[in-house]
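Shown next, in structure tokens, is the structure this report addresses.
Where a number appears in this text, it was derived from the coordinates with a stated rule and is not lab data. The model shown is predicted, which means the values in this text are computed figures rather than measured ones. Cβ atoms come from the backbone with ideal geometry, glycine included; neighbour counts cover every protein chain shown.
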């Protein structure tokens, strides 16, 4: 009886949201780099749980793959390249705290402002029964839109506009080239540092 | 008699003293086995064992399984770091380097079946290989056959088994990342390892070996299998599905057995050899095969399956839709494969047909538009 009475969706939403927030705070208040990364992974993993709960499985899996996996690589390189002694701990100076609090606070204010400005997010959907859940679950639209076929814009009445609608491929490629540049730059900087050390030593 | 040995072994592992080294980061040390274990077994959420027998039918199941499985290494790294031991840290770093490199060719190999089937839904991928064994994707063309072997190599490496078990390397690193573990925590790592071995083998059997479809479609010929869109329960239909589950398990167990067999047979590779195998052989091989599979698909070159009188899995019908069992198109008969699950990803848009009906589209008509969006191409 109790199981039937509980709203599992809301319960799990609260659970995942709590885990996300608590471990995000834990990242903030830990000084050990590896523990920090571990808490970050848990926080990001719980965020992907929120995505799964919302029925956005593709985004959830993406979150796991990119953010959690990315943090993993960050952790590996963080430990491999920076840790000279075991259990390296970070001391954050007061100035850093102030700057970080300012930047973070501005971002939070901006996000909160935007989030409350969207009317659809603050009012309950009156027509809950007709939410097209199944449609929102597929990644077909994104996949097709990447290659230039905009399934989501089929209701565009203008024939000329409909055929001319662009896909996401070009912006996607531009972003990935940027990332590649960043990666190459990072690798280059890491290499030169080691060489300089060798010359000095 | 060997079967009885597992009980004393298990009770021994449970009863053993659980030691935490003094140098360890206690929290990370204690939590690491659970991270590995959870990651390995969470991936089973999306792994179907038979048509419709899946805990949670995720539309992007392939992606989900890979994403979750990739987290297993996290536990290993935490264990290596948290143990406060040089052997463990070396083991963890080796594992990290290995897993990060092997995920690249593994992902490339997995993309090939996804590309051929046009979906990331594992249930649909399995159902599209219905019929005779010639319809299994491993026999789709010569390149998928090569891709399977690359996949298997990378899968062995990514679950950290011999000859890629550098993270353990008992001849050099005592026991690698789990040097300091004992008792139940140690066995959690091994449950995770064997769990992921079965998982990658099961994934291989779905992606390349038809999943729950046997080499000969006995139950389809007998007419026991559930028909498309069939609701309710039939004993014979249940039996056919259960036999499919047994099929799947057998294939996965063969994969696990081969992994164990390889461990007994091959010597361990050095770390540079491991990375060379990945970057110089597996990645280019997977990439070249990927390109040729695409060309094969585009050119529609016939292969084994086209020699069969009845072909399978050409049309994938939407959930709940009904139709004939065998359709004839252009003088050839095709078996219709039915996804019990959603197959929306497999559709390729017939944009002009949908666009025609846009003008008079009302909310009630949206289903009609959707049903016009049919899958095209494929093996046809």
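Any chance you could check the Cα centroid distance between the stretch B:134-167 and the stretch B:1-47 for me, in angstrom? The two parts, judged by their Cα centres, are 28 Å apart. If I take R0 = 41 Å and measure r between the Cβ atoms of residue A:73 and residue B:242 in this structure, what FRET efficiency does the formula 1/(1 + (r/R0)^6) give, to the nearest 0.05? Calculated value: 0.45. In the stretch B:117-181, Cα pairs under 8 Å separated by at least six residues give a relative contact order of 11 percent. Going from the fewest other Cβ atoms within 10 Å to the most, the residues A:178, B:140 appear in the order A:178, B:140.
Estimated at 0.36 nm per residue, the fully extended path between residue B:279 and residue B:30 surpasses their Cα-Cα distance by 86.2 nm. With contacts taken as Cα pairs under 8 Å at a separation of at least 6 residues, the stretch B:154-257 carries a relative contact order of 26 percent. With neighbour counts taken as other beta-carbon atoms within 10 Å, the residues B:181, B:41 rank, fewest first, as B:41, B:181. Multiplying the residue separation of residue A:32 and residue A:10 by 0.36 nm and removing their Cα-Cα distance gives an extension gain of 4.6 nm. If you sort the three axes of the alpha carbon gyration tensor as a ≥ b ≥ c, you get a/c of 1.5 or more for the stretch B:142-231 and a/b no higher than b/c, which makes it oblate.
A Förster radius of 22 Å, combined with the Cβ-Cβ distance separating residue A:106 from residue A:177, puts the computed FRET efficiency at roughly 0.15. What is the stretch B:89-199 by shape, rounded, prolate or oblate, if you read a ≥ b ≥ c off the alpha carbon gyration tensor as root eigenvalues and call it rounded for a/c under 1.5, prolate for a/b larger than b/c, and oblate otherwise? In terms of gyration-tensor shape, prolate. Here the simple spin-label model places points 7 Å from the Cα toward Cβ, and for residue B:56 and residue A:189 these points are separated by 3.8 nm. Each principal axis of the stretch B:38-112 carries a Cα extent, and these read 47, 25, 15 Å when sorted largest first. At 7 Å along Cα-to-Cβ for each site, give me the label-to-label distance between residue A:99 and residue B:9 in nm. A separation of 5.6 nm, rounded to one decimal place. With a Förster radius of 41 Å applied to the beta-carbon distance between residue B:175 and residue B:45, the computed FRET efficiency rounds to 0.85. Across peptide B:80-92, the average count of Cβ atoms from other chains found within 10 Å of a residue's Cβ is 2.
Look at the alpha carbon pairs under 8 Å that are at least 6 residues apart: their mean separation over the length of the stretch B:33-134 gives a relative contact order of 30 percent. Three principal axis extents of the stretch B:241-300 based on alpha-carbon atoms, in descending order, are 42, 41, 12 Å. Listed by Cβ neighbour count within 10 Å, with the fewest neighbours leading, B:30, B:251, B:5 appear as B:5, B:30, B:251.
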